[in-house]
Structure formats: C-alpha cells, structure tokens
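Remarks on the structure that follows.
Each reported figure results from applying straightforward, stated rules to the coordinates on display, with no laboratory input. Everything numeric here is computed off the predicted structure, so don't read it as measured data. Positions of Cβ are generated from backbone atoms using ideal geometry, with glycine treated the same way; all protein chains shown enter the neighbour counts.
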Ligand SMILES: [Cu+2]
C-alpha cells in the first residue's frame, strides 16, 4: 500500500515539474493602437515587461512608452540591439522610445544585462 502511495506522489511531482518547465505559460501580448499616422504601446516594467510581446504595424511610426515601476537596477536600461537603442529607464517616469518600423520581422529587446526579454513583431 505504502509503495502505491509513494508511486502516485512521485508521478504527481514529475507531472508538476514537466508542466512547470515545458507547459505553455501565458504571455501578455499587445497590438499597437494605430491612430492616423502613428502607433504606440505602453509597457510596464515591473519584474519583467508587460506586455512582453508587442505587434507593430509596418511603416507606421511607432513609440513604445516604458514606465519602470521596479526599484531594482536590473531593469534600469532597455536595449533593442537590432535598432542600436540602449536607453535608461528612470523609475516611475515614462520613457518614450521610437521604433523604426520599416523592416518587418521579429526583434528581441532585453534589460541591460540581457536577463529579461521582450519581443517586437513588425508586420
Ligand atoms: Cu537585468
């Protein structure tokens, strides 16, 4: 009897570990609101980026408004290496970053230490 219980508990733990590492976790996504000839998305920086995946419309000038609520220095810079952007994010201040949307594709952005990531989709 004890063996069966141990076996069941073991299987539940293994299942949980598999779910934790390989399961699909929900990621906050956003598509920019396009008005006239520009588009913008507000991004909250707090233990990561929210939204974490942003879709922009090609050829429409785009601005991402980052606001860092997080006090840690880990997230105090944001880097878009494909665009040559490396900006400081002062805490509780909105920092607007212009994005060149002329080339469609998927681009990563990261914190200054490359620990937290976000994704930009231009199409
Ligand atoms: Cu970092």
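Which count do you get for residues in segment 86-108 that are within 16 Å of the ligand (Cβ to nearest atom) and touching a helix residue (DSSP H, G or I) at 6+ places or on another chain (Cβ under 8 Å)?
Final tally of qualifying residues: 2.
Could you tell me whether residue 73 is surrounded by fewer than 14 Cβ atoms within 10 Å (Cβ to Cβ) and touching a strand residue (DSSP E or B) at 6+ places or on another chain (Cβ under 6 Å)?
Considered against the rule, which asks whether it is surrounded by fewer than 14 Cβ atoms within 10 Å (Cβ to Cβ) and touching a strand residue (DSSP E or B) at 6+ places or on another chain (Cβ under 6 Å), residue 73 comes out as no.
Can you give me the number of residues within segment 33-54 that are farther than 21 Å from residue 77 by Cα and surrounded by 13 or more Cβ atoms within 10 Å (Cβ to Cβ)?
3
Quick check on my filter: what residues within segment 88-116 are assigned to a strand (DSSP E or B) and surrounded by fewer than 14 Cβ atoms within 10 Å (Cβ to Cβ)?
Correct list: 88, 94, 96, 98, 105, 106, 108.
Can you name every residue in segment 22-50 that is in a loop (DSSP other than H, G, I, E, B) and more than 18 Å from residue 98 (Cβ to Cβ)?
Of everything in segment 22-50, those that are in a loop (DSSP other than H, G, I, E, B) and more than 18 Å from residue 98 (Cβ to Cβ) turn out to be 23, 24, 25, 26, 27, 28, 46, 47, 48.
So which residues in segment 90-107 are under 17 Å from residue 76 (Cα atoms) and touching a strand residue (DSSP E or B) at 6+ places or on another chain (Cβ under 6 Å), if there are any at all?
91, 94, 95, 96, 97 - these are the residues of segment 90-107 that are under 17 Å from residue 76 (Cα atoms) and touching a strand residue (DSSP E or B) at 6+ places or on another chain (Cβ under 6 Å).
Say whether the condition of being in a helix (DSSP H, G or I) and within 15 Å of residue 101 (Cα to Cα) is met by at least one residue in segment 74-82.
yes
In segment 60-73, is there at least one residue being part of a loop (DSSP other than H, G, I, E, B) and under 21 Å from residue 34 (Cα atoms)?
Yes, that holds for at least one residue.
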